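The values are calculated or read from the model by the stated rules, or taken from the named source; none is laboratory data. This one's a predicted model, so the numbers in the text were calculated from it and none came from an experiment. Cβ placement follows ideal geometry from the backbone for every residue including glycine, while neighbour counts extend to all protein chains displayed.
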Amino acid sequence: MKHFLKLLDVTTEEIYELLDLAAVMKQYVKEGKEHHFLKGKTLAMIFEKNSTRTRISFETGMYQLGGHALFISAKDSQIGRGEPTQDTARVMSRMLDGIMIRTFEQSEVEDLAKYGSIPVINGLTDFSHPCQVMADLMTIREHKGKLEGLTMCYIGDGNNMANSLIVGGLKVGMHVHVACPEGYHPDPSVMAFAAQYPDHFILTDKPMEAAKDADVVITDCWTSMGQEDEKKAREAAFAGYQVNKELMAVAKPDAMVQHCLPAYREQEITTEVFEEHADEIFDEAENRLHAQKAVLVKLLG
């Protein structure tokens with residue numbers, strides 16, 4: 001594994017290897033053990049989209065691993081003035097050990113990897129959010145003791161989270177049920193991938209059908225960054241796609257809830273359900289740190 005661009009590129013074996021390594025990273029932190037596996041290494045963190053968890057987790061992760069992270073925003077660099085991605089990639093490759101980028105187009109991430117000579121990590125694009133889903137899988141395995149055979153239900157927009165959850169969930173042997181309204185389905189390439197798993201994948205426009213007997217219920221905000229002008233239309237389209245007490249009642253009694261955050265209470269999830277499952281959701285947020293450190297060690301170590 002040279003880069004971490006999208007879960008479609010990653011094998012089942014590599015996912016489990018990263019999850020096992022993430023558990024080790026978490027244990028080092030719990031025990032207060034120094035683990036400077038990336039001493040002297042430098043990571044560029046390019047942000048063309050705002051961030052809370054992505055910046056904190058990567059910057060803290062590099063510090064804990066003995067390396068250094070550089071924050072680069074579009075407004076503070078030549079990227080924001082239109083420097084070609086291929087030039088940015090080649091310059092950074094001569095000075096750095098890795099690049100993490102949080103941006104809009106998946107093609108920008110792919111081009112950095114194509115033209116550069118150092119590892120590139122996708123911190124989020126409109127198509128994919130692989131680091132978040134590694135944290136989700138890590139959290140589910142911590143709480144349930146396994147992944148294979150569990151039923152994961154996703155309710156909401158067929159966005160980057162849906163795309164990555166479908167691929168990641170199916171690759172580790174989960175049953176994946178997705179409920180999206182018409183016009184908001186996951187990416188066609190992801191649907192083509194899911195078609196290889198007819199016994200493990202369901203796409204429906206009925207949230208209750210998707211949530212039936214689920215071990216894990218996952219949702220995301222209805223309006224992502226860059227979609228603000230669609231807010232009213234999206235609120236109307238997703239009005240019946242809320243994770244609430246009634247929906248959780250058809251899932252398994254011990255079903256857990258995941259949300260990548262930020263959460264907009266009383267929209268995609270009720271305050272009641274969020275607070276009942278807050279420990280699981282904030283375990284998920286914390287695990288961004290450990291899962292990403294595993295990716296960093298695997299690629300830069």
(request) Mind counting the residues in the stretch 140-154 that are surrounded by fewer than 24 Cβ atoms within 10 Å (Cβ to Cβ) and not basic (Lys, Arg)? (result) 8
(request) Kindly establish whether Asp157 is surrounded by 19 or more Cβ atoms within 10 Å (Cβ to Cβ), at pLDDT 95 or above and assigned to a loop (DSSP other than H, G, I, E, B). (result) yes
(message) Can you report the number of residues in the stretch 43-83 which are in contact with a strand residue (DSSP E or B) (Cβ under 6 Å, 6 or more places away or on another chain) and of a type outside the set (A, V, I, L, M, F, W, C)?
(response) 6
(message) On the basis of being of a type in the set (A, V, I, L, M, F, W, C), assigned to a helix (DSSP H, G or I) and touching a residue at least 24 places away in the same chain (Cβ under 8 Å), does Leu261 make the cut?
(response) no
(request) State the number of residues belonging to the stretch 109-142 that are in contact with a strand residue (DSSP E or B) (Cβ under 7 Å, 6 or more places away or on another chain) and among the acidic types (Asp, Glu). (result) 1
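Hey, any hits in the stretch 129-136 for a residue that's polar (S, T, N, Q), closer than 29 Å to Ser51 by Cα, in a strand (DSSP E or B) and touching a residue at least 12 places away in the same chain (Cβ under 8 Å)?
From the stretch 129-136, those polar (S, T, N, Q) are 132; that's our starting set.
The next check asks that each one be closer than 29 Å to Ser51 by Cα; those that pass are 132.
Adding the requirement that they be in a strand (DSSP E or B) leaves none.
No: the stretch 129-136 contains no residue that is polar (S, T, N, Q), closer than 29 Å to Ser51 by Cα, in a strand (DSSP E or B) and touching a residue at least 12 places away in the same chain (Cβ under 8 Å).
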(message) Can you find, within the stretch 200-230, the residue that is surrounded by the most Cβ atoms within 10 Å (Cβ to Cβ) among those that are among the charged types (D, E, K, R) and over 16 Å from His185 (Cβ atoms)?
(response) Asp215
(request) Please give the number of the condition Glu148 fails out of (1) among the acidic types (Asp, Glu); (2) under 30 Å from Ala192 (Cα atoms); (3) part of a helix (DSSP H, G or I). (result) (3)
(message) When you check Asp213 against the structure, is it touching a strand residue (DSSP E or B) at 6+ places or on another chain (Cβ under 8 Å) and modelled with pLDDT of 95 or more, yes or no?
(response) yes
(message) Please pick out the residue among Tyr184, Tyr197 that is within 23 Å of Phe104 (Cα to Cα) and surrounded by 15 or more Cβ atoms within 10 Å (Cβ to Cβ).
(response) Tyr184
(request) Could you tell me which numbered condition Ala210 fails, if it satisfies all but one of (1) outside any helix (DSSP H, G or I); (2) within 20 Å of Leu150 (Cα to Cα); (3) not acidic (Asp, Glu)? (result) (1)
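Find the residue count for the stretch 20-40, including only residues that are in a helix (DSSP H, G or I) and surrounded by 20 or more Cβ atoms within 10 Å (Cβ to Cβ). Walk me through it before giving the result.
Start the filter on the stretch 20-40 by keeping residues that are in a helix (DSSP H, G or I), which leaves 20-31.
Next, only the ones that are surrounded by 20 or more Cβ atoms within 10 Å (Cβ to Cβ) stay: 22, 25.
Selection size over the stretch 20-40: 2.
Do the conditions hold for Ser93, that is, is it of a type in the set (Ser, Thr, Tyr), over 23 Å from the mean Cα position of the chain (by Cα) and not assigned by TED's automatic domain parsing to the domain that holds Pro262?
Details: of a type in the set (Ser, Thr, Tyr): yes; over 23 Å from the mean Cα position of the chain (by Cα): yes; not assigned by TED's automatic domain parsing to the domain that holds Pro262: yes.
Here the answer is yes, as Ser93 does meet what is asked.
Condition first: hydrophobic (A, V, I, L, M, F, W, C) and touching a Leu at 6+ places or on another chain (Cβ under 6 Å). Now tell me which residues in the stretch 148-171 satisfy that.
So in the stretch 148-171, the residues hydrophobic (A, V, I, L, M, F, W, C) come out as 150, 152-153, 155, 161-162, 165-167, 170.
Of everything in the stretch 148-171, just one residue is hydrophobic (A, V, I, L, M, F, W, C) and touching a Leu at 6+ places or on another chain (Cβ under 6 Å), namely Val167.
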(request) Restrict the check to the stretch 231-241 and report whether at least one residue is surrounded by 20 or more Cβ atoms within 10 Å (Cβ to Cβ), out of contact with any Gly (no Cβ under 7 Å at 6 or more places or on another chain) and assigned to a loop (DSSP other than H, G, I, E, B). (result) no
